[in-house]
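Following: one structure in structure tokens, then a few remarks.
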Amino acid sequence: MARTGDAAVRGLLGITAFCHAAGGVAYALSQPRGFSVPSAAFFEHQVLGPLVVVLALVLGVALVTRREKLGAAVTAALAGFWFVVAAFGLFTGTTAYARLLVFPFAAAFLLAALAHQMHRRAIVIVIPALAGALVGAGVWASARAPRASTFPSKNAPKSGTVPEGEPALGKGELRVRVEGTSVIVEAGMHRAEIVPSFDYDAVADGCGLTVLDHRAARRPPFRAGREGARIVFAGENADFEVFGEVEILGASTVRIEVSTTLRRELCAHLGSIVAMRLSRVRGSDDGRELQTASINGFSWPSGEAGEPAHFVAFRGDELGFFRATHDEKGPFTAIGKIDEPVITDGGFHIRVPSWKEQASREPSPTAGWGISQGAIEHYGDWFFWHIAATSIGRGWHTVRTAKGTYETTILLETR
């Protein structure tokens, strides 16, 4: 590289090659597998990392063998790639992590200058730069949330007047009340705290990655009151309109019916349509060990203490119970088929029969191996019913929940 390259240029390009090789290997090893070929997820998770490693190795060979034209072309390709990847995230992102992309954005200009310094023929620089930019555009295209695949009800939203009576019911040992934005059910020493409507922790309004574009879409504060043998609650905000009723059926069953209208399509990474925490009433026999949760006869570990996650999800049109290899990462072992999920834990049998009809069956872009966006998860004392989320697997990708009205039925029966 006698004609164009001094020690500083060679050093910068050597560092560039090393960093891309190391970064490409780390990225490739951290990505989920099990995606169909060809697909956007396969490109992003299983092709992109090795492609970056190959480019880094070619750049290293070009530096060692002093092939200026080849080195300039690879450098220009990397410049085009980072220009698109960094610019899009920087100028559309809303988080502090998005602002950090100013550094690779500036580095893209430095790489372009180095490529031009190595070889001044425009065609050697422009064509590889455009190819790199195309790959960068492919990254953002693959990271964009797929089309909505949830199933809102075709019924009109439910509404009504919220009565003024105290929002509490009791029958036998059952005690039920609406407290804040939760429904509390107590049966003897057992307690269930139920979040009966949408609660989305990580939403990206641009339908990209929540690490770069993030907000929460929380359930609205409830107005609640009792009328006869039922509690009525309602609330609304910019994202949701909620109307629900709570009843005690017989001596042992609590039924919660909720109509939630999603006012606009939401792209979310984490979020549930129902969440439930099972515990003991304060002051009860706290030292007594709780029985392990189960679903349809299968033992359901909570995922604590390093246990691999167990969850319910679709694989194609078949609903099943699965175990991750470690944490919530695949490959996933199918434990058994499930028709209608029935959870047994904390003194209750729990069903959410409406979940199965509304949840997405489409593959999650973060899980792989055909695991769906719709899933039921269990962590610690909490259970989460997702109709579209990417909690399982790796990444901050979002999936879409379709605009419309979702009708949720929650049934708790004391054991």
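Just a few scattered comments:
- Other-chain or far-sequence residues with amide H under 5 Å of residue 327's (modelled H): 309
- Remark: the range 349-363, residue by residue, has Karplus-estimated 3J(HN,Hα) of 9, 10, 9, 10, x, 6, 4, 4, 7, 10, 6, 6, 9, 6, x Hz, where x stands for each Gly or Pro and the curve is 6.51 cos²θ - 1.76 cosθ + 1.60 at θ = phi - 60°.
- Neighbours of residue 46 by Cβ distance under 14 Å: Lys/Arg scored +1, Asp/Glu scored -1, total +1.
- Accessible surface of residue 103, taken over heavy atoms with a 1.4 Å probe and every protein chain present, rounds to 140 Å².
- Protection proxy ranking, highest mean first, for peptides 353-361, 335-343: 353-361, 335-343, where packing is the per-residue count of other beta-carbon atoms within 10 Å, averaged.
- For residue 179, solvent-accessible area (1.4 Å; no DNA, RNA or ligand), Å²: 90 Å²
- Total charge dipole magnitude, the chain, about the Cα centre, Cβ charges on Lys, Arg, Asp, Glu only, Debye to nearest 20: 1680 debye
- Cα-Cα P(r), the range 1-118, percent of pairs per 5 Å interval: 2, 12, 18, 20, 19, 14, 9, 4, 1, 0
- Accessible heavy-atom area order of 75, 414, highest first, probe of 1.4 Å: 414, 75
- Label-point separation in nm, residue 409 to residue 223, each point 7 Å along Cα→Cβ: 2.8 nm
- Under 5 Å between amide hydrogens, built in the peptide plane, is the criterion, and for residue 371 it picks out 364 among residues at least 5 positions away or on other chains.
- For the range 161-178, 3J(HN,Hα) computed residue by residue from phi via the Karplus equation (6.51, -1.76, 1.60; θ = phi - 60°) reads 8, 8, x, 9, x, 4, x, 8, 9, x, 7, x, 8, 7, 10, 10, 8, 9 Hz, glycine and proline entered as x.
- Environment charge of residue 264, counting only residues whose C-beta is closer than 14 Å and scoring Lys/Arg +1, Asp/Glu -1: -1
- Centroid-to-centroid separation of the range 250-274 and the range 24-67 [C-alpha atoms, Å]: 41 Å
- Accessible surface for the chain, divided over its residues, is 45 Å² per residue with a 1.4 Å probe.
- Contact order normalised by residue count of the chain, Cα under 8 Å, 6+ apart, percent: 17 percent
- Largest-first principal axis extents of the Cα set of the chain (Å): 91, 40, 39
- Distant-in-sequence amide H partners of residue 319 (H built 1.01 Å from N, under 5 Å): 338
- Expressed as a whole percent, the accessible area of the range 303-397 that falls on carbon and sulfur atoms is 50 (1.4 Å probe).
- Heavy-atom accessible surface of the range 37-132: percent carbon and sulfur, 1.4 Å: 77 percent
- From phi via Karplus (6.51, -1.76, 1.60), per-residue ³J(HN,Hα) for the range 325-338 in Hz, x at Gly/Pro: 5, 7, 6, 10, 9, x, x, 10, 9, 6, 8, x, 7, 9
- Most mobile of 320, 160, 244 in a GNM of the chain (Cα contacts under 10 Å): 160
- Neighbourhood net charge (14 Å Cβ-Cβ; Lys/Arg +1, Asp/Glu -1) for residue 136: 0
- The alpha-carbon atoms of the range 177-281, seen along their principal axes, cover 49, 28, 18 angstrom, with the largest extent given first.
- Computed E for residue 255/residue 66 - FRET, C-beta separation, R0 56 angstrom, nearest 0.05: 0.15
The values are calculated or read from the model by the stated rules, or taken from the named source; none is laboratory data. Here the structure is a predicted model, which means the values were calculated and not measured. Cβ sites come from the backbone with ideal geometry, for glycine too, and all protein chains shown count toward neighbours. Heads up: the accessible areas ignore ligands, DNA and RNA and are worked out on the full protein's heavy atoms, side chains in. Shrake-Rupley method; radii C 1.70, N 1.55, O 1.52, S 1.80 Å.
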